[in-house]
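What follows is one structure encoded as structure tokens, with my remarks underneath.
The values are calculated or read from the model by the stated rules, or taken from the named source; none is laboratory data. Only a predicted model underlies this, so the values are computations on that prediction, with no experimental measurement involved. Quick reminder, even Gly has a Cβ in these numbers, built from the backbone with ideal geometry, and neighbours come from all protein chains shown.
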């Protein structure tokens with residue numbers, strides 16, 4: 001790669017090179033310790049003599065901006081940077097749009113690794129120790145062989161055919177979603193699926209209905225796209241369909257494991273939601289983010305499985321069952337949206353990375369995904385029972401743990417007044433990471449409580465952590 005230097009004319013060549021290199025070092029464009037090209041190579045690239053480059057390097061060395069190391073070459077020795085004032089930014093015609101995105105909060109941005117507690121109840125993080133390293137490595141190697149046949153070419157925008165077929169069979173088997181591979185669009189996580197659906201359904205000023213409390217990243221995304229986001233209350237059966245605005249273009253729900261409260265949507269409520277959406281012409285986005293882990297009760301149909309009129313877009317992710325770093329999600333798009341979503345995906349990022357798609361297709365088709373889910377299910381079930389027992393034994397005076405039949409987080413409402421800010425702060429000092437429910441509310445007044453993920457905490461640590469929380473609460477009373 002060539003060093004960016006512009007030589008003009010044939011006068012003062014060494015001076016031009018000296019000044020440009022000096023400015024690049026002082027501005028930080030050339031970082032401290034970076035090696036400069038050998039004088040012969042740089043001379044060839046710039047079409048000047050080697051003596052010219054050597055003179056410039058010599059002057060920089062005298063200025064102590066470059067240091068020569070025998071047998072190694074010339075290296076940048078950057079001086080301490082001074083806080084030079086920045087030039088005043090020009091006014092933007094799109095300032096209001098930029099300000100809208102800039103003002104959006106980001107409540108689910110996880111803390112940096114060094115800021116996490118030893119006993120961490122953060123939601124949405126699967127158990128890293130359970131990742132199937134050997135199975136995944138084998139599938140990646142298989143994927144590399146598959147990818148070799150198409151290397152150097154872009155793959156299909158909607159996803160690698162083998163993965164789309166594997167996903168269609170998987171969701172049919174596990175969630176009763178009737179679809180073909182042609183309806184599956186592979187995305188960069190479920191968040192991109194939501195983004196694509198928002199792009200094709202929403203215009204500035206349009207209404208998007210979301211659960212309240214609900215998933216903030218969906219709410220903020222639709223707001224950033226210019227939508228008027230309306231929070232619709234939920235009860236023990238799920239979202240209240242009669243309160244969905246008649247002009248809503250989309251309705252975003254998490255029916256299998258309501259985020260963040262955890263209850264499943266009842267069958268009767270699902271039917272009412274589908275009827276309401278059909279009556280107002282809205283698309284229902286079913287975010288089925290962690291229903292793979294179900295602990296009690298009989299399986300119920302997904303909304304997509306109950307949909308007879310093509311009004312449900314089913315969204316899933318492999319971040320919760322495998323690892324968030326994989327960044328592979330998908331949607332099963334209704335026929336009315338399929339081509340539009342594929343176009344939006346094409347113009348957004350062309351396609352999702354091919355290698356992990358090939359690997360995941362193999363991982364699913366050979367049964368490794370279902371084996372991994374069963375293994376995780378056994379561990380999460382134990383953690384869930386430890387959490388329930390701990391709340392019943394130690395935290396019952398302060399919190400009411402809400403029932404949840406799936407996923408790997410639970411929620412707890414406060415039974416009495418608790419200073420949540422103080423609790424979270426003191427818990428962090430005790431190396432316990434707690435998270436409040438308040439940030440998930442949209443329109444209605446928040447109800448105080450905790451969201452408790454149990455993917456990132458070891459089973460035997462749950463009791464220790466909850467006892468520390470109890471001690472804090474007793475001392476605060």
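Identify, by number, the condition in (1) farther than 24 Å from residue 439 by Cα; (2) within 23 Å of the chain's Cα centre (by Cα); (3) crowded, with 18+ Cβ neighbours inside 10 Å that residue 219 doesn't meet.
It fails just one condition, (1).
Of all residues in the range 268-300 being outside any loop (DSSP other than H, G, I, E, B) and touching a residue at least 40 places away in the same chain (Cβ under 8 Å), which is surrounded by the most Cβ atoms within 10 Å (Cβ to Cβ)?
Among those that are outside any loop (DSSP other than H, G, I, E, B) and touching a residue at least 40 places away in the same chain (Cβ under 8 Å), it is 287.
Which of the residues spanning the range 235-253 are out of contact with any helix residue (DSSP H, G or I) (no Cβ under 9 Å at 6 or more places or on another chain) and either buried (at least 23 other Cβ atoms within 10 Å of the Cβ) or closer than 18 Å to residue 279 by Cβ (or both)?
Listed by number, the list holds a single entry, 243.
Which residues, counting only those in the range 301-317, are touching a helix residue (DSSP H, G or I) at 6+ places or on another chain (Cβ under 6 Å), assigned to a loop (DSSP other than H, G, I, E, B) and closer than 17 Å to residue 173 by Cβ?
302
Among 401, 434, which is within 25 Å of residue 106 (Cβ to Cβ), buried (at least 18 other Cβ atoms within 10 Å of the Cβ) and either within 30 Å of the chain's Cα centre (by Cα) or in the same structural domain as residue 258 (by TED's automatic domain parsing) (or both)?
Exactly one of 401, 434 is within 25 Å of residue 106 (Cβ to Cβ), buried (at least 18 other Cβ atoms within 10 Å of the Cβ) and either within 30 Å of the chain's Cα centre (by Cα) or in the same structural domain as residue 258 (by TED's automatic domain parsing) (or both), namely 434.
With the requirement that a residue be surrounded by fewer than 23 Cβ atoms within 10 Å (Cβ to Cβ), assigned to a loop (DSSP other than H, G, I, E, B) and within 24 Å of the chain's Cα centre (by Cα), what does the range 155-188 give you?
Across the range 155-188, the qualifying residues are 155, 156, 157, 188.
Go through (1) touching a helix residue (DSSP H, G or I) at 6+ places or on another chain (Cβ under 8 Å); (2) more than 24 Å from residue 267 (Cβ to Cβ); (3) buried (at least 23 other Cβ atoms within 10 Å of the Cβ) and name the single condition residue 193 misses.
Just one mismatch for residue 193, condition (1).
When you look at residue 16, is it more than 23 Å from residue 80 (Cα to Cα) and touching a helix residue (DSSP H, G or I) at 6+ places or on another chain (Cβ under 6 Å), yes or no?
Answer is no for this residue.
Which of the residues spanning the range 238-267 are assigned to a loop (DSSP other than H, G, I, E, B) and more than 19 Å from residue 443 (Cβ to Cβ)?
255, 256, 257, 262, 263, 264, 265, 266
So for the range 318-328 (the condition being touching a strand residue (DSSP E or B) at 6+ places or on another chain (Cβ under 8 Å) and not in a loop (DSSP other than H, G, I, E, B)), does at least one residue qualify?
no
Which condition from (1) touching a residue at least 12 places away in the same chain (Cβ under 8 Å); (2) farther than 20 Å from residue 81 by Cβ; (3) assigned to a loop (DSSP other than H, G, I, E, B) is the one that residue 11 breaks?
That leaves (1) as the condition not met.
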